[in-house]
1. Quick check on this structure: which one of S87, S67 is under 20 Å from the mean Cα position of the chain (by Cα) and either crowded, with 20+ Cβ neighbours inside 10 Å or modelled with pLDDT of 90 or more (or both)?
2. Filter the range 337-366 down to residues that are polar (S, T, N, Q), over 18 Å from L56 (Cα atoms) and in contact with a helix residue (DSSP H, G or I) (Cβ under 8 Å, 6 or more places away or on another chain), then give me how many there are.
3. Name every residue in the range 10-21 that is assigned to a helix (DSSP H, G or I) and within 22 Å of the chain's Cα centre (by Cα), in order of residue number.
4. Within the bounds of the range 415-429, is there any residue that is modelled with pLDDT of 95 or more, open to solvent by 10 Å² or more (accessible area, probe 1.4 Å) and farther than 15 Å from S183 by Cα?
5. Out of everything in the range 310-322 that is β-branched (V, I, T) and open to solvent by less than 60 Å² (accessible area, probe 1.4 Å), what residue ends up being nearest to L27 (Cα to Cα)?
6. Filter the range 101-118 for residues that are open to solvent by 10 Å² or more (accessible area, probe 1.4 Å) and over 16 Å from V237 (Cα atoms); which is nearest to the chain's Cα centre (by Cα)?
7. For the range 340-366, what are the residues that are at pLDDT below 90 and among the charged types (D, E, K, R)?
8. Within the range 71-121, how many residues turn out to be touching a Ser or Thr at 6+ places or on another chain (Cβ under 8 Å), of a type in the set (V, I, T) and more than 19 Å from G376 (Cα to Cα)?
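The values are calculated or read from the model by the stated rules, or taken from the named source; none is laboratory data. A quick note: this is a predicted structure, and the numbers were derived from the prediction, not measured. Methodologically, a virtual Cβ is constructed for each residue, glycine included, from the backbone with ideal geometry; neighbour enumeration extends over all protein chains shown. Just the protein is used for accessible areas: all its heavy atoms, side chains included, with ligands, DNA and RNA removed. Shrake-Rupley method; radii C 1.70, N 1.55, O 1.52, S 1.80 Å.
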Amino acid sequence: MIGIFIGLIMLMVLAYMGYSIIWIAPLSAGVVAMTGGLDLLEAYTGTYMSGLIGFLGDWFPVFMLSSIFGKLMEDTGMAKSIALKLSEVLGVKRAVMGVVLSAALLTYGGISLFVVVFAVYPVALNLFKEANLPRRLIPGAIALGAFGFTMTAVPGTPQIQNLIPMDYFGTTPTAAPIMGIASAIVIAVGGYLYLVWRQNKLLANGEVYTEPKDKAVLNIEDDEPNMFIALIPLVLVVATLNFLGWDIVIALLVGIAATLLLNIHKIKKLKFSRSVNEGAKGSLGAIMNTSAAVGFGTVVQASPGFATLTGALTAIPGTPLISLAASVNILAGATGSASGGMGIALEALGDYYVQAAETSGVALEAFHRVASISSGGLDVLPHNGAVLTLLAVSGLTHKDSYIDIAVVGIIIPIISVIVAIIFANLGLV
């Protein structure tokens with residue numbers, strides 16, 4: 001047990017210090033293996049690698065196609081077109097709402113969170129400049145739209161955090177719609193009200209817009225696609241996944257094909273092959289980081305102390321949904337990854353919660369939704385990769401903006417999990 005906690009703390013601290021999880025995950029797993037009496041070489045070449053390769057084999061197509069889809073939407077100007085139109089409709093006075101909705105729409109359409117950050121930031125910068133709002137609010141607004149309700153709570157989202165539970169509970173992307181919608185409302189409304197309060201407080205303190213060092217500007221071209229045309233690939237991804245019941249791989253291929261066909265007239269100018277290459281390369285880091293975290297979890301699961309740890313987690317009083325929420329949150333926080341933490345938790349405890357559903361009478365759909373929402377809580381600790389990317393792109397520091405990210409990405413989502421569990425106990429799944 002002590003070795004497991006040392007391994008988890010080691011993983012979290014080293015990740016926070018900026019070291020790559022690709023090598024610190026097996027290093028931390030080695031600590032767990034040694035203190036658990038496991039053969040060190042076998043723990044790495046056998047147990048760890050089986051977990052890493054298993055997750056990689058299951059989810060690499062989704063990571064790759066999502067990244068390619070997002071890169072094509074970014075390079076063709078479609079993502080920017082959607083964000084620009086929303087900001088234009090909402091106006092400068094609702095700059096924060098414009099940024100949140102732009103990020104949320106792109107995320108719900110199946111675009112990778114990392115791509116959304118790059119696509120929305122220039123739009124946010126221009127909006128905040130026109131409204132004379134402090135730049136430090138931009139990361140919080142993007143985080144609410146990209147890392148929040150459309151990533152985990154809204155039923156039918158094609159993000160991987162909503163897809164992983166399907167393998168363990170035999171559910172669909174629209175599992176537990178009432179719980180999901182209730183949770184999404186808590187995150188979206190609560191997060192937006194907080195950001196408005198924070199905006200007013202900063203303005204009252206005399207803070208205004210300041211130019212970033214890189215002087216980033218949004219280039220608006222004459223041939224920007226119409227927003228409604230730009231929405232077609234996103235709608236097709238969501239529709240084919242949820243209404244036609246197609247696999248997410250096919251849904252993303254449909255979105256990619258639609259993006260290419262709608263921009264066929266730009267084929268010479270844009271060099272689609274370059275976008276596809278960059279998107280494919282960009283997916284490698286994300287899938288390897290998550291797979292490395294899952295490999296660590298596989299070693300933890302194999303250690304003798306794991307039975308004691310799971311016994312403590314599953315002994316939490318009340319509905320088993322509470323222990324599921326705690327398990328996923330803790331592991332997502334330790335790994336700094338929503339999908340990685342959930343992958344570890346469900347790989348280790350998925351069968352237990354299937355049995356718990358049968359004995360408790362709680363629908364498996366409720367377990368799906370609680371696992372998904374819980375993955376989007378403590379994952380947004382300071383060492384989270386998406387947080388680091390968001391701050392780097394915006395040229396801000398943890399001191400400048402992390403408090404806003406934490407409120408909209410950790411505190412409010414955890415509250416939303418509690419609301420979802422209450423709905424499940426009332427039979428409103």
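1. Details: S87 fails: under 20 Å from the mean Cα position of the chain (by Cα).
Exactly one of S87, S67 is under 20 Å from the mean Cα position of the chain (by Cα) and either crowded, with 20+ Cβ neighbours inside 10 Å or modelled with pLDDT of 90 or more (or both), namely S67.
2. Taking the range 337-366 first, the residues polar (S, T, N, Q) are 337, 339, 355, 359-360.
Right, trim to over 18 Å from L56 (Cα atoms) and you get 355, 359-360.
If we keep only those that are in contact with a helix residue (DSSP H, G or I) (Cβ under 8 Å, 6 or more places away or on another chain) too, we end up with 360.
Matching residues across the range 337-366 total 1.
3. Just the residues of the range 10-21 that are assigned to a helix (DSSP H, G or I), to begin with: 10-16, 21.
If the condition is that a residue be assigned to a helix (DSSP H, G or I) and within 22 Å of the chain's Cα centre (by Cα), then L11, M12, V13, L14, A15, Y16, I21 are the ones that fit.
4. Scanning the range 415-429 turns up no residue that is modelled with pLDDT of 95 or more, open to solvent by 10 Å² or more (accessible area, probe 1.4 Å) and farther than 15 Å from S183 by Cα.
5. Pass one, the range 310-322, residues β-branched (V, I, T): 310, 314, 316, 319, 322.
Cutting the leftovers down to open to solvent by less than 60 Å² (accessible area, probe 1.4 Å) gives us 310, 314, 316, 319.
Details: T310: 22, T314: 28, I316: 30, T319: 35 Å.
So, considering only residues that are β-branched (V, I, T) and open to solvent by less than 60 Å² (accessible area, probe 1.4 Å), the one nearest to L27 (Cα to Cα) is T310.
6. F114
7. Listed by number, the list holds a single entry, E347.
8. Residues in the range 71-121 being touching a Ser or Thr at 6+ places or on another chain (Cβ under 8 Å), of a type in the set (V, I, T) and more than 19 Å from G376 (Cα to Cα): 4 in total.
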